[in-house]
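One structure is given below, encoded as structure tokens.
The values are calculated or read from the model by the stated rules, or taken from the named source; none is laboratory data. Remember, predicted model here, so these are calculated numbers, not experimental data. For neighbour counting, all protein chains shown are included, and Cβ atoms are generated from backbone atoms with ideal geometry for every residue, glycine included. The protein model used for the area step is the full one, side chains on, heavy atoms only, and it has no ligands, DNA or RNA in it. Shrake-Rupley method; radii C 1.70, N 1.55, O 1.52, S 1.80 Å.
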Amino acid sequence: MTAIKYKAYSLNNYLSIPQVEKLSARAKRNIEVVSHVFPFKVNNYVIDELIDWDNYENDPIFHLTFPQEGMLLPHHYNKMAGALEQSPDKIFHKETSNKIRVQLNPHPAGQQEHNIPEIDGQKLMGLQHKYRETVLFFPSSGQTCHSYCTFCFRWPQFVGMEELKFAMKETELLIKYLEKHQEVTDILFTGGDPMIMNFKVFQKYIEPFLEDDNKTNIQTIRIGTKSLSFWPYKFLTDDGADDFLRLFERITSKGINLALMAHFSHPRELDTQAVQEAIKRIKRTGAQIRTQSPLLKHINDKPEIWAEMWRKQVNLNCIPYYMFVVRDTGAQHHFAVTLADSWEIWRKAYQNVSGICRTVRGPSMSCTPGKVQVLGVSEINGEKVFVLRFLQGRNPDWVARPFFAKYDEDAIWMDTLEPAFGDSFFFEEEAEMVYGENYYDPQVSSFE
Ligand SMILES: *Cc1c(COP(=O)(O)O)cnc(C)c1O
């Protein structure tokens, strides 16, 4: 395969993308206005191999990567557009966009600190330990991506709102923490995208787990990544591609389960020769690839899309893992699908694939008390209800207990649901003690 050199585009150079000529004046204006508030970055693979430019208005990958008018509420859009028209002053533009960003309120001060572990009285800012078995690790060199998703809830990390950035320089403290916490079997490298790292840096993070005197109880290393969708050449022709694969092989040979938690939002992302070859190469190292995505209006809100995507993933020897409900990202109004519709889409897709594809779980909301699955809509004593359960709980004892919420056709998130029977959900008292009120507002929650 011929090597392709990575080239990134953002607001300052996107007009040099040849295909951009096909965009209407309005589409370009939307990019200019919206990308002053939300981050925008795309690359030559996404542009040349994934987007259908002759039908860009309805193209899911265009919608996934290029800023869209509807992502800003009209008054925010007009305010930003007004600022751009009124003055060429970049500082004024920045002030305007920051004012809007604060109203989108990604993480109110002081509230993002839940689940950040401590060791010897020192907070480990690049770690999150919420579910007993699994620690999330945000390596400081993995805090960007090959291309940005328009719906991303981690965008504050990318727009230089520094205090919101989770990162940790050292693996040393991580290892120390894991040695002390033998209940932790899984380490999940996340970001951004850890696969943005060059090989030498990446290896530094992994090496301690391969040493003979490793005293942690880590049995699974997971890597959350969108690189298979956005830059499969990472595993093919990039510098270090073969080194990565050899390292993966060393991990699995050591008896450690290695799982790439690959983010795929649309079956199109599975169709190129590059992605298929990258998957093959990764699989040959003994690593697993598990797949996940949120359910997104305009991008993948049809059961046929999910059924096709899961089937294709399985045919490529990947394991469908999670379907998420889109959380409050600042642009939730644009991407949200109601819980009722999410479940309809979920079950129609699920009904149309064989059991082999049904390793997937969802629709799942990552809220502060845990991951809550919408099991379905049902009726009990004439009352219409949502049947819910925890797939993961802040308290492991909450997991796999069905509970009921009043049916609400318009609900898009846990925070507006009310208990169907009694005054509170079974976990609420305990969750309130840990988190205070508003605990399942996603904005009050930590990263996941
Ligand atoms: C989703 C998540 C995990 C992983 O949960 P699994 O169900 O084991 O995949 C770990 N930590 C946090 C904070 C999460 O949100």
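Starting from the Cα of Val399, step 7 Å along the direction of its Cβ; do the same at Gln276; then give the gap between the two resulting points in nm.
Calculated label separation equals 3.7 nm.
Let's see if you can work this out: charge +1 on each Lys and Arg Cβ, -1 on each Asp and Glu Cβ, no other charges. What is the dipole magnitude of the stretch 56-99 about its Cα centre, in debye to the nearest 20?
Here the size comes out at about 260 debye.
Once the stretch 285-353 is represented by equal point scatterers at the alpha-carbon sites, with solvent omitted, what log10 I(q)/I(0) does the Debye formula produce at q = 0.29 Å⁻¹?
Rounded to two decimals, the profile gives -1.32.
Give, in whole angstrom and from largest to smallest, the semi-axes √(5λ) of the equivalent ellipsoid of the stretch 313-448, with λ running over the eigenvalues of the Cα gyration tensor.
24, 18, 15
Once amide H atoms are built 1.01 Å from N in the peptide plane, which residues 5 or more positions from Thr150, or in another chain, come under 5 Å H to H?
For Thr150, the qualifying residues are Thr65.
Just for the chain, what percent of DSSP beta bridges are antiparallel, to the closest 5?
Of all bridge pairs located within the chain, approximately 45 percent are antiparallel.
Suppose each label sits 7 Å from its Cα in the direction of the beta carbon; what would the Glu170-Asp242 distance come out to in nanometres?
Result: 3.6 nm between the two label points.
Of His93, Asn55, Leu23, which is farthest on the positive side of the dipole of the stretch 8-101, counting Cα position, with +1 on Lys and Arg Cβ, -1 on Asp and Glu Cβ, and the Cα centre as origin?
His93
Can you tell me which of 60-67, 173-180 comes out highest on packing, and rank the rest after it, using the mean Cβ neighbours within 10 Å?
60-67, 173-180
What area, in nm² and to one decimal, does the C-alpha convex hull of the stretch 1-133 cast on average over all directions?
The orientation-averaged projected area of the Cα hull of the stretch 1-133 comes to 13.2 nm².
Using amide H atoms built in the peptide plane, which far-off residues or other-chain residues are under 5 Å from Lys130 H to H?
Sorted by chain and number, the residues that satisfy this are Leu136.
State the percentage of accessible surface on the stretch 8-101 attributable to carbon and sulfur atoms; use a 1.4 Å probe and exclude ligands, DNA and RNA.
Ligands and nucleic acids excluded, carbon and sulfur give 50 percent.
Projected onto the charge dipole of the chain (+1 at Lys/Arg Cβ, -1 at Asp/Glu Cβ, origin at the Cα centre), which of Met433, Met1, Thr171 gives the Cα projection farthest towards the positive end?
Met1
For the stretch 21-64 and the stretch 66-90, what is the separation of their Cα centres, given in Å?
For the stretch 21-64 versus the stretch 66-90, the Cα centre distance is 17 Å.
About the Cα centre of the chain, what is the dipole size in debye to 20, counting +1 per Lys and Arg Cβ and -1 per Asp and Glu Cβ, all else neutral?
1140
Can you list residues from other chains, or at least 5 along the same chain, whose modelled amide H is less than 5 Å from the amide H of Thr291?
Hits under the 5 Å cutoff: Ala262, Ile319, Tyr321, Tyr322.
What is the chain by shape, rounded, prolate or oblate, if you read a ≥ b ≥ c off the alpha carbon gyration tensor as root eigenvalues and call it rounded for a/c under 1.5, prolate for a/b larger than b/c, and oblate otherwise?
It comes out rounded by the Cα gyration axes.
For the peptides 134-146, 75-87, what is the packing order when you average, over each peptide's residues, the other Cβ atoms within 10 Å and list the highest mean first?
134-146, 75-87
Could you rank the peptides 192-203, 258-269, 408-419 by their average count of other C-beta atoms within 10 Å per residue, with the highest value first?
258-269, 192-203, 408-419
Each label point is 7 Å from the Cα along the Cα-to-Cβ direction; what then is the distance between the points at Val377 and Met1, in nm?
The two pseudo-label positions are separated by 4.3 nm.
How large is the charge dipole for the stretch 8-101, taken about the Cα centre, if only the Cβ atoms of Lys, Arg (+1) and Asp, Glu (-1) carry charge, to the nearest 20 debye?
540
Just going by the charge dipole of the chain, with Lys and Arg at +1 and Asp and Glu at -1 on Cβ, which of Ile251, Pro74, Phe335 is farthest out on the positive end?
The one lying farthest along the dipole's positive direction is Ile251.
Averaged per residue, what accessible surface does the stretch 8-101 expose to a 1.4 Å probe, in Å²?
Heavy-atom accessible area per residue stands at 47 Å².
If the elastic network links every pair of Cα atoms under 10 Å, which of Val387, Val34, Val42 fluctuates the most in the Gaussian network model of the chain?
The residue with the greatest mean-square fluctuation here is Val387.
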